[in-house]
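Beneath this line is the structure, given in structure tokens, with notes to follow.
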Amino acid sequence: MASNHSQPYQDLTPDVVLDALESVGLRGDGRLLALNSYENRVYQVSLEDDSSVVAKFYRPNRWSDAQLLEEHTFALELAEREIPVVAPLELGGQTLNTFNDIRFAVFPRRGGRPPELEDEKVLVWIGRFLGRIHAVGATRPFKKRPALNLDTFGTEPRDWLLASGMIPEDLQNTWVTTIDLALQGVRNCFARTEKIRAIRLHGDCHVGNILWTEAGNRAATPGMERATGLGGPHFVDLDDARMGPAVQDLWMLLAGDRETAAKQLKALLEGYEQFHGFNREELGLIEPLRTLRLIHYSAWLARRWEDPAFPAAFPWFGTQRYWQDRILELREQTSDMDEAPLSV
């Protein structure tokens, strides 16, 4: 498959998906279901033996083979410890395969629904598993995958966006002034947290990447959850796994006003600290990390704009109103970073 930058998946037809799976010994029965994914192309595939798998076809030129294999190794390492992360299947002795020049991996199908984050017991349970993930993640670093920091999620995407020509000319000066103030706020917050340690993270731990099975409601004995049998949460999609501060995998699960978020954080940490220590200084990084994610997200959309899937899914991106809203958003974030950190 030619790695056309503007149409990276133009040759990924249903027949190619089925042929790719057959090349690793999995015969599909012709039924495919495209799953929600913009960065990669992901399909639920029904097999002739009435089972189903999930096939992920990686976007060309995003990750190197070594970086993808580090992600797979981390997932397998977690699964071996009965931590419910959906890890890739080893087919023919390897997890990363290639067909028609496009790389892919196959995963077991795991169903579930979004967790009810309003339930304190659910948050404690998720916190326990995050603590276990981080206990493993802290044992050794990624050597090939990038880190989440001011440069990779702030300065570099800021410079790329400015050079892209996608910011309206009449808003450009205001946007530059605003984003530079926000990045200075991020810099100040990181400077105040001297003891931060980067560990291997899930990296994109929002509610959409956690699946909850109904059996979990009937098995609430702390510390006794298993990857199979008793249900509860399953963590999926380690595609954004990288080095970074532990709080990155916690803050995206917080929602609502400051008081509500503090209660949610308290429940998460109640479970988390049963398995891994948490440095409370990292609470001062919640708003800076949120700021970096917002900047990175705009650059992610801009970098993918030539992919036809993106204009169809995000028609509002790049409009005058979009950039005006981003300026307002960054101003609010700059103000939030001046406030006292969230406390439990």
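Taken together, the values in this text are just the output of simple stated rules run on the coordinates, not laboratory data. Keep in mind that this is a model prediction, so the values were computed, not measured. Every residue, glycine as well, gets a Cβ built from its backbone with ideal geometry; the counts of neighbours run over all protein chains shown.
Data for the structure
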| quantity | calculated |
| --- | --- |
| Gyration tensor verdict on the chain (Cα atoms; rounded if a/c is under 1.5, prolate if a/b is larger than b/c, oblate otherwise) | oblate |
| Of ASN40, ASN97, ASN173, the one that fluctuates the most in a GNM where the chain has Cα springs shorter than 10 Å | ASN173 |
| Segment 14-108: radius of gyration over Cα atoms, expressed as a fraction of 2.2 N^0.38 Å | 1.04 |
| Mean Kyte hydropathy of -0.5 or more with a Cα span along the axis of at least 18 Å, helices from DSSP in the chain | 65-80, 120-137, 169-191, 286-303 |
| Relative contact order, percent, the chain [alpha-carbon distance under 8 Å, six or more residues apart] | 21 |
| Within a Gaussian network of the chain (alpha carbon springs, distance under 10 Å), most fluctuating of GLN264, GLN172, GLN248 | GLN172 |
| Hypothetical label at GLU281: residues of segment 311-344 whose amide nitrogen lies under 17 Å (7 Å Cα-Cβ projection) | 341-342 |
| Sorted peptide list for 288-299, 266-277, 42-53, criterion being average Cβ within 10 angstrom, highest first | 288-299, 266-277, 42-53 |
| R0 of 22 Å, Cβ-Cβ distance ARG81-GLU116: FRET efficiency to nearest 0.05 | 0.30 |
| Pairwise centroid distance, computed over Cα atoms, of segment 277-344 with segment 10-24, Å | 36 |
| For segment 14-108: relative contact order, % (alpha-carbon pairs under 8 angstrom, 6 or more apart) | 23 |
| Chain lengthening between VAL207 and ASP257 when straightened (0.36 nm per residue, less Cα-Cα) | 16.2 nm |
| For the chain, built as a Gaussian network whose Cα springs stay under 10 Å, the top-fluctuating residue of GLY244, GLY127, GLY111 | GLY111 |
| Proxy reagent accessibility, fewest Cβ within 10 Å first, across LEU342, LEU265 | LEU342, LEU265 |
